[in-house]
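Engineer: Take a look at the following structure, please.
Every number here is computed from the coordinates shown, using simple stated rules; none is lab data. Values in this document were obtained by computation on a predicted structure and should not be read as measured data. For neighbour counting, all protein chains shown are included, and Cβ atoms are generated from backbone atoms with ideal geometry for every residue, glycine included.
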Amino acid sequence: MADDLGNTTHFGFQTVPESEKAGRVKGVFGSVASKYDVMNDVMSGGIHRIWKDAMMDWLAPRRGQCLLDVAGGTGDISFRFLKRAGMAHATVLDLTSEMLEEGKLRAEAAQLGDSLDWVVGDAMALPFTDNSFDVYTISFGIRNVTRPQDALNEAFRVLKPGGRLMVLEFSQIPNDLLQWVYDRYSFNVIPTMGKLIANDRDSYQYLVESIRNFPDQDTFLDMVRAAGFENAKYRNLTMGVACLHSGWKI
């Protein structure tokens, strides 16, 4: 196994054994689960909602489709998908059971429970058969995966021929001055918000650091193509603060 060879990866700005990262990520999201949605609104000034709506605009959900929403957490993307599609089904998979429990409460409140499944699982080893889903989404989650290429390979495996991949993730701003301003905000303000709202500065310090470690848009596009996806493209959102990557299993 790779871990037996002493492979390492990043956890924020720390270098850790690959075998430790998933447990650390679970600890982060288990800690912030009850405040996660509130913090998303505060950190982004609500802009994350616009990004997710842009994701749905490009995805154009259709009636009868089956979605796999990986690292789906509290179900934000799945709820949007179901509302756009009309009649469809979504499976939310996440490494952290606490996040899924928060999502179940939201689903009950929105009366969407019958259209959703909630599964604890690993993006790098999906517990589904080949060619099972019409759409695969992962939103602000792939940078937390130990080996993102493995997650993309798994996405390709579980999608049906003709299926669609859509990745929404923080990215790199192609302007040095704007990137500098964004970094000042990220590193100085967001961890402080995490302390005040979620009583957890360290988890939000990690989340900020993980953004800076994630590949730039073109590098990640190459990874999408390497997994086998065709017609792969990306669209920057808010000057590259976030980015949507799309690909098709043809």
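Engineer: In Å and on Cα atoms, what radius of gyration and Dmax does region 70-154 show?
Structural biologist: 12.4, 36
Engineer: Hey, another quick one. Take the Cβ-Cβ distance between Ser97 and Thr238 as r, set R0 to 30 Å, and report the resulting FRET efficiency rounded to the nearest 0.05.
Structural biologist: Working from the Cβ atoms, E equals 0.40.
Engineer: How many nm is it between the label spots at Asp176 and Ser34, if each spot is 7 Å from the Cα in line with the beta carbon?
Structural biologist: 4.6 nm
Engineer: Describe numerically, in nm with one decimal, the distance between label points set 7 Å from Cα along Cα→Cβ at Arg201 and at Asp222.
Structural biologist: Going by the 7 Å Cα→Cβ label model, 3.8 nm.
Engineer: Rg to Rh for region 3-248: what is it, with Cα atoms only and Rh by Kirkwood?
Structural biologist: Reported Rg/Rh, Kirkwood definition of Rh: 0.94.
Engineer: Still on this structure: Provide the percentage of antiparallel DSSP beta bridges, counting only those with both residues in the chain; round to the nearest 5.
Structural biologist: Once the DSSP bridges in the chain are tallied, antiparallel ones form about 45 percent.
Engineer: Let me ask something else. For Lys249, which lysines qualify as cross-link partners when the Cα separation must be under 18 Å and same-chain residues fewer than eight apart are set aside?
Structural biologist: Result set, ordered by chain and number: Lys160, Lys233.
Engineer: Report ³J(HN,Hα) in whole Hz for each residue of region 122-139, in order, from the Karplus equation J = 6.51 cos²θ - 1.76 cosθ + 1.60 where θ = phi - 60°; Gly and Pro get x.
Structural biologist: For region 122-139, the Karplus curve yields 10, 4, 8, 8, 5, x, 9, 6, 4, 6, 9, 10, 7, 9, 10, 10, 8, 10 Hz.
Engineer: Provide the net charge surrounding Ala232, with neighbours chosen by a C-beta distance below 14 Å and charges set as Lys +1, Arg +1, Asp -1, Glu -1. Don't skip to the end; give the middle numbers.
Structural biologist: Values: positive: Arg164, Arg225, Lys233, Arg235, Lys249; negative: Asp218, Asp222, Glu230.
Once positives and negatives cancel, what remains is +2.
Engineer: Tell me, in nm to one decimal, what length is gained between Ile50 and Asn7 on full extension, where the rule is 0.36 nm per residue of separation less the Cα-Cα distance? Mind showing how you got there, number by number?
Structural biologist: Values: separation 43, 0.36 × 43 = 15.48 nm, distance 3.78 nm.
Between Ile50 and Asn7, full extension yields an extra 11.7 nm.
Engineer: While we're on this one: Taking only DSSP H segments of four or more residues, each worth -39500 (n - 2.57), what value at 222 nm results for the chain once the sum is divided by all its residues, to the nearest 500 deg cm²/dmol?
Structural biologist: Numbers: 10 runs with 116 residues, N = 250.
Taken over the chain, the calculation gives -14500 deg cm²/dmol.
Engineer: Does region 113-163 classify as rounded, prolate or oblate by the C-alpha gyration tensor (a ≥ b ≥ c root eigenvalues; a/c under 1.5 gives rounded; else a/b over b/c gives prolate, otherwise oblate)?
Structural biologist: Since a/c reaches 1.5 but b/c is at least a/b, the shape of region 113-163 is classed as oblate.
Engineer: Another question, then. Hey, how many Å between the Cα centroid of region 54-90 and the Cα centroid of region 112-154?
Structural biologist: 13 Å
Engineer: What nm distance separates the two modelled labels at Val16 and Arg62, each placed 7 Å from Cα along Cα→Cβ?
Structural biologist: Label-label distance for Val16 and Arg62, simple model: 4.1 nm.
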